[in-house]
Amino acid sequence: MPFETVCGFTCTLPSLHHLSIAIPAVHAISCDICLLCMDTRDGSIRGRNDSPGYTPSSSLLSNEFLSNREVEMKQLRRLKSCAGFALLALACTAVAIAQGPSPNVSVYATGLDNPRGLTFGPDGYLYVAEGGAGGATSTVGICDQVPDPVGPYTGGYSSRISKIDSHGNRTTVIDGLPSSQTSPNQGNLISGVADIKFIGNTLYAITAGSGCSHGLEGTTNGIFKINSNNTWTMVADLSAFQKAHPVAVPEPDDFEPDGTWYSMVAVRGALYAVEPNHGELDMISTDGTIKRIADIHVSQLSRENDEVLGRALESARCD
């Protein structure tokens, strides 16, 4: 099935881990696309034509004219439709032939440092999570490390969140956030703030570059609320949750103790986050409650697990 049939657009965003898959009649889709294609309520649509400078068509951003119930129904239909792609994304290991940019793509905003998730805010600005530049701080000998060749990580505090106005001007919302990088053997790949979403007028961020196993002692991956004075408050400690509630079959040769949270969507006042290393989909309430929705570890991809995920997603739909 063409991916645009499911999500309403063609996903061509490069994978953060440089892994992509090819589906007939569709441009390369990031292996880690997971849940990114499902949140259209706030306009965070990434596709063939929407580099940071592209304004999506009114048909893609028409949710602002729909009732809340209609929007919720559309989101949840996308959630169900894309669930299979989320599983496929976690299992994918092949690299497709790179494709050049479409000729109608132009640069709209610059100065972003390893941009990750993005979303439109209620104020009309485009908000962008930036992974930062990593750092040189190490925690070797202090806590459990990510196995070679991915680890050990080193880190710093260069991740941030920016907002971009209608003229392409970038403004920092908050900076000095945890940023980490893999070992040189793995290419010094960067993790930081992974994704951002609004619930009402409040901006929430999910981090992937925090934690002692990422070279930053005293930090933790989690969901954070961005306050009006541009500070942040932790809502949910995802590192602690993963350690207290491990997936059924973790993979010791490629295990990130603090996780590598990739993306999240906001549905009916809650956040749904996907973590590809452990292999899980979790729901996080704004009061900090975390609930495991599905254990989708790559080593457990089976018909039985597909059915479990399907039932979990079905239970989240509107009546």
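Every number here is computed from the coordinates shown, using simple stated rules; none is lab data. Source: prediction; values computed, not measured.
If the limit is 23 Å between Cα atoms, which of K243/K291; K163/K291; K197/K243 go over it?
Numbers: K243/K291 14 Å; K163/K291 30 Å; K197/K243 25 Å.
Listed pairs above 23 Å: K163/K291; K197/K243.
How large is Rg/Rh for the stretch 122-275, to two decimals, with Cα atoms and a Kirkwood Rh?
Details: Rg = 15.6 Å, Rh = 15.8 Å.
Result for the stretch 122-275 is an Rg/Rh of 0.98.
Taking only alpha carbon atoms, the stretch 129-220 gives an Rg to Rh ratio of 1.06, where Rh is the Kirkwood radius.
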